[in-house]
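First the structure, which I've put down as structure tokens, then a few questions once you've had a look.
The values are calculated or read from the model by the stated rules, or taken from the named source; none is laboratory data. Since we're looking at a predicted model, the values are computed, not measured. Glycine gets a Cβ as well: all are built from the backbone with ideal geometry, and neighbour counts include every protein chain shown. What goes into the accessible areas is simple: the full protein's heavy atoms, side chains included, and nothing from ligands, DNA or RNA. Shrake-Rupley method; radii C 1.70, N 1.55, O 1.52, S 1.80 Å.
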Amino acid sequence: MGLLVLKFGGTSVANIPAIENVANKVAGEIQNGHKVAVVVSAMAGVTNQLVAYCSEINHVFDPLEYDAVVASGEQVTSGLLALALQKRGIQARSWMGWQVPIVTNDVHGKARIQSIESEALKKSVMNGDVAVIAGFQGVTPDGRITTLGRGGSDTSAVAVAAALKADRCDIYTDVHGVYTADPRIVNRARKINKISYEEMLEMASVGAKVLHTRSVELAMKERVPVQVLSSFESALGSDLPGTLVVGEDAIVEQEVVSSVTYSRDEAKVTLRSLPDIPGVAAKVFGPLADASINVDMIVQNLSPDHKKTDITFTVTRADLSKALEVLKNIARDLPGTLVESSADVAKVSVIGIGMRSHVGVAQKMFKTLAEKGINIQVITTSEIKVSVLISDEYTELAVRSLHTAYGLDHGG
Ligand code: ADP
Ligand code: ASP
Ligand code: MG
């Protein structure tokens, strides 16, 4: 008997039969004696449609109104699920972000949760009601609706689980758990039974969209046990059929490389002939940070004459035009500097805690890609990850070849 937070993603609530299926899962956990809070996404495709409406009406949209529009998808599903639960004789009530309230900062479109005033929510859940919370949305201290960035309902769910001190947060989705690679492109990928917060965080941050990066960060910080599982199999979360994301100490077998991940949401920017003097990097990256643009891989070339240098870095494709706009202004103050960009790139990464104690992991990656004739444009590493930037057209070939090379293939 415990308190569970169940999150259902877009495909899990894609239509009325799917919402009925979700209501049955919730009813099953209540029958098992659990108290339940649910977090829902918008129906599959709805958020994309809402984003498209905003672009169609005004290409340079006001982020406050963008949030007012795109947050609406989750309002619909939370109300519908509450109705489906009520039909089953279960007391259920929908909660919008502002009603909880889930308070965020005012970075519209990718806001961060600052606090959750969970007292009323907790009272209602402990009273046996099912709280059906609209994911993805929050409210600023001055009352404007915000959204947490695409895929942000996972973060809503983990944040609610932390605030309610839930026993577990079950993230129901359209695959059976976290795999050694995206099962949609590597059909020999294997489901991982237990993965550490650290590895999952790296995976999410380099593009495995199965969990929103911030949700893993929060789960790790607040020590919320998370399970990723399918809403399309009969097992309930309490049967633990999915992947558990837990502390490193709970993992018995550590693979050297546990997964291969890719991200196509990448764009490359190169600044050529920058003056090679102190303060230039700060001059470039400061204004990008001020514009809330995340910069990822960065390389600066050595300049033979110590006068001019080149810097290459990556941003998300969605941020590319904004980044170019900012850089145009910077380049004006740095005469001779040229700005080049390309969106035909992808980042492929191999991740594993075992890398800390094994050598040769990066070399195997470079060799495997070389054998396939894939050129590496940028390389970055962390303690448990190696990432390379390659031409977008080779993404699938690279991911599959690396999956095989590191011995991750099903039955391999
Ligand atoms: P939801 O709408 O339920 O939030 P998402 O589409 O955001 O679902 O995330 C689930 C998808 O993540 C899967 O359909 C799968 O294609 C993708 N994915 C990418 N990498 C992985 C991985 N390593 N393991 C599992 N799924 C992955
Ligand atoms: N509906 C939102 C999106 O598609 C949030 C989510 O599903 O997590 O990005
Ligand atoms: Mg998602």
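If I go through segment 118-157 residue by residue, how many of them are under 24 Å from residue 168 (Cβ atoms) and away from ligand 2 (no atom under 16 Å from the Cβ)?
Here the count works out to 14.
Given the condition open to solvent by less than 10 Å² (accessible area, probe 1.4 Å) and within 9 Å of ligand 2 (Cβ to nearest atom), answer yes or no: does some residue in segment 17-26 qualify?
No.
When you scan segment 316-412 for strands (runs of 3 or more DSSP E) that lie fully inside it, which ones turn up with 2 or more residues that are more than 21 Å from the chain's Cα centre (by Cα) and of a type in the set (Val, Ile, Thr)? I'd like the intermediate steps shown before the answer.
Values: elements: 338-351, 378-382, 385-391.
Once the strands (runs of 3 or more DSSP E) in segment 316-412 are filtered for at least 2 residues that are more than 21 Å from the chain's Cα centre (by Cα) and of a type in the set (Val, Ile, Thr), what remains is 378-382.
Would you call residue 147 within 16 Å of ligand 1 (Cβ to nearest atom), at pLDDT 95 or above, touching a helix residue (DSSP H, G or I) at 6+ places or on another chain (Cβ under 6 Å) and β-branched (Val, Ile, Thr)? Even if it seems obvious, please write down each step before you answer.
Values: within 16 Å of ligand 1 (Cβ to nearest atom): yes; at pLDDT 95 or above: yes; touching a helix residue (DSSP H, G or I) at 6+ places or on another chain (Cβ under 6 Å): yes; β-branched (Val, Ile, Thr): yes.
For residue 147, the condition - within 16 Å of ligand 1 (Cβ to nearest atom), at pLDDT 95 or above, touching a helix residue (DSSP H, G or I) at 6+ places or on another chain (Cβ under 6 Å) and β-branched (Val, Ile, Thr) - is met.
Regarding segment 71-94, can at least one residue be identified that is open to solvent by less than 30 Å² (accessible area, probe 1.4 Å), under 26 Å from residue 28 (Cβ atoms) and in contact with an Asp or Glu (Cβ under 8 Å, 6 or more places away or on another chain)? Steps first, answer last, please.
Going through segment 71-94, the residues open to solvent by less than 30 Å² (accessible area, probe 1.4 Å) turn out to be 71, 73-74, 77-79, 81-82, 84-85, 90, 92.
Within this subset, residues satisfying the condition of being under 26 Å from residue 28 (Cβ atoms) are 73-74, 77-79, 81-82, 84-85, 90, 92.
If we keep only those that are in contact with an Asp or Glu (Cβ under 8 Å, 6 or more places away or on another chain) as well, we get 84, 92.
Looking for residues that are open to solvent by less than 30 Å² (accessible area, probe 1.4 Å), under 26 Å from residue 28 (Cβ atoms) and in contact with an Asp or Glu (Cβ under 8 Å, 6 or more places away or on another chain), one finds at least one in segment 71-94, hence yes.
Considering only residues of segment 371-411 that are in contact with a Leu (Cβ under 9 Å, 6 or more places away or on another chain), open to solvent by less than 40 Å² (accessible area, probe 1.4 Å) and of a type in the set (Ser, Thr, Tyr), which is modelled with the highest pLDDT?
Going through the qualifying residues, I end up with 401.
In addition: Filtering segment 54-70 down to residues that are open to solvent by less than 70 Å² (accessible area, probe 1.4 Å) and of a type in the set (A, V, I, L, M), which residue is nearest to ligand 2 (Cβ to nearest atom)?
70
Another question, if that's okay. Got a sec? Which helices (runs of 4 or more DSSP H) wholly within segment 66-174 have at least 1 residues that are of a type in the set (D, E, K, R) and within 20 Å of residue 225 (Cα to Cα)?
Working: elements: 72-87, 119-126, 153-164.
It comes to 119-126, 153-164.
Go through segment 162-204 and count every residue that is farther than 24 Å from residue 263 by Cβ and of a type in the set (Phe, Trp, Tyr).
Summing the residues that are farther than 24 Å from residue 263 by Cβ and of a type in the set (Phe, Trp, Tyr) in segment 162-204 gives 0.
So, in segment 158-172, exactly how many residues are within 10 Å of ligand 1 (Cβ to nearest atom) and of a type in the set (A, V, I, L, M)? Don't jump to the end; show me each part of the working.
Taking segment 158-172 as the starting set, the residues that turn out to be within 10 Å of ligand 1 (Cβ to nearest atom) are 171-172.
Cutting the leftovers down to of a type in the set (A, V, I, L, M) gives us 171.
Result for segment 158-172: 1.
Under 6 Å between Cβ atoms, which residue pairs at least 6 apart in sequence (or on different chains) link something in segment 171-186 that is touching a residue at least 40 places away in the same chain (Cβ under 8 Å) with a partner that is within 16 Å of ligand 2 (Cβ to nearest atom) and open to solvent by 30 Å² or more (accessible area, probe 1.4 Å)?
Final answer for the pair search is 174/11; 178/210.
In segment 28-53, what residues are open to solvent by 20 Å² or more (accessible area, probe 1.4 Å) and either in a strand (DSSP E or B) or within 14 Å of ligand 1 (Cβ to nearest atom) (or both)?
35, 43, 44, 45, 46, 48
Condition check: within 19 Å of residue 229 (Cα to Cα), within 12 Å of ligand 2 (Cβ to nearest atom) and part of a helix (DSSP H, G or I). Does residue 11 satisfy that? So that I can check it myself, show each step before the final result.
Working: within 19 Å of residue 229 (Cα to Cα): yes; within 12 Å of ligand 2 (Cβ to nearest atom): yes; part of a helix (DSSP H, G or I): yes.
Criteria met by residue 11.
Moving to a separate point now. Taking segment 300-325 on its own, how many of its residues are farther than 24 Å from residue 387 by Cβ and either among the basic types (Lys, Arg) or open to solvent by less than 30 Å² (accessible area, probe 1.4 Å) (or both)?
Result for segment 300-325: 3.
Out of the residues in segment 188-206 that are within 22 Å of residue 113 (Cβ to Cβ) and away from ligand 2 (no atom under 15 Å from the Cβ), state the one that is nearest to the chain's Cα centre (by Cα).
205
So residue 25 ticks every box in (1) within 15 Å of ligand 1 (Cβ to nearest atom); (2) more than 16 Å from residue 171 (Cα to Cα); (3) touching a strand residue (DSSP E or B) at 6+ places or on another chain (Cβ under 9 Å) but one. Which box is left unticked?
Among (1) within 15 Å of ligand 1 (Cβ to nearest atom); (2) more than 16 Å from residue 171 (Cα to Cα); (3) touching a strand residue (DSSP E or B) at 6+ places or on another chain (Cβ under 9 Å), the lone unmet condition for residue 25 is (2).
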